Amino acid sequence: MNIGSSPSQASPSFTGSIDMQRTAFQMQQTLTGPDGEATRTIMVDAVEVNIHIDGEFARRVLQNSMADQLNAAFAAAGMDTTVDSQLQSVTNFSPQATAQRVVNFSTSFFGSFKQNHADEAGQSQASDFAAMIKGAIEEGFASAQDILFGLGEISPDIQAGINETFELTMQGINSFLEQQAQEQGEAEDPTSIV
């Protein structure tokens with residue numbers, strides 16, 4: 001049995017499959033009491049359920065979980081902003097595209113972070129911001145993994161895609177931090193202005 005929405009041009013399909021197997025069997029129980037022994041037959045009905053989740057659904061759960069964690073991190077940092085439909089309205093769920101969206105979206109709040117932490121030095125601001133969003137992203141990935149494992153088996157291909165998305169996202173945050181360090185160095189070095 002497949003669950004989820006049917007494919008359309010407007011929204012991607014999020015499906016999983018559920019395999020159910022119903023088994024009925026009999027058990028005999030012998031009871032001993034003051035009146036002697038009595039045997040009774042008990043009918044047992046068991047259902048085994050296996051759930052398999054497809055890749056697009058797994059990525060959507062991952063993105064939703066990261067959005068929750070980013071919202072919490074932004075609120076904790078005193079930033080009046082939330083994750084909006086930007087992450088929800090995309091159709092390319094490749095690890096590269098997903099990681100790029102996460103990096104672009106999360107780093108777009110650096111200006112707000114700097115305003116709320118104006119008392120910190122420039123590179124300290126960038127380092128603290130990168131640590132905050134990395135923490136939120138790590139929590140988001142962990143939360144999404146827990147949700148997906150709770151729903152059923154994740155195929156090795158899907159797990160590899162999740163792992164690749166995480167690694168690319170962390171590389172993107174590191175690149176952002178390196179870019180900020182370079183820009184900060186250029187701003188402090190008057191000889192670098194040509």
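The values are calculated or read from the model by the stated rules, or taken from the named source; none is laboratory data. Just so it is clear, the model here is predicted, and its values are computed rather than measured. Note: ideal-geometry Cβ built from the backbone for every residue, glycine included; neighbour counts use all protein chains shown.
All of (1) surrounded by 12 or more Cβ atoms within 10 Å (Cβ to Cβ); (2) at pLDDT below 75 hold for residue 99 with one exception: (2). Among the residues of the stretch 154-161, are any surrounded by 13 or more Cβ atoms within 10 Å (Cβ to Cβ), free of Cβ contacts under 8 Å to residues at least 24 places away in the same chain and either farther than 20 Å from residue 72 by Cβ or touching a Gly at 6+ places or on another chain (Cβ under 9 Å) (or both)? Yes, the stretch 154-161 contains a residue that is surrounded by 13 or more Cβ atoms within 10 Å (Cβ to Cβ), free of Cβ contacts under 8 Å to residues at least 24 places away in the same chain and either farther than 20 Å from residue 72 by Cβ or touching a Gly at 6+ places or on another chain (Cβ under 9 Å) (or both). Within the option set 124, 94, being surrounded by fewer than 19 Cβ atoms within 10 Å (Cβ to Cβ), at pLDDT below 90 and within 19 Å of residue 158 (Cα to Cα) holds for one residue only, 94. Within the stretch 96-119, being in contact with a helix residue (DSSP H, G or I) (Cβ under 7 Å, 6 or more places away or on another chain), farther than 18 Å from residue 140 by Cβ and part of a loop (DSSP other than H, G, I, E, B) holds for one residue alone: 117. Answer with yes or no whether residue 164 is closer than 21 Å to residue 64 by Cβ, in contact with a His (Cβ under 9 Å, 6 or more places away or on another chain) and surrounded by 12 or more Cβ atoms within 10 Å (Cβ to Cβ). Answer is no for this residue.
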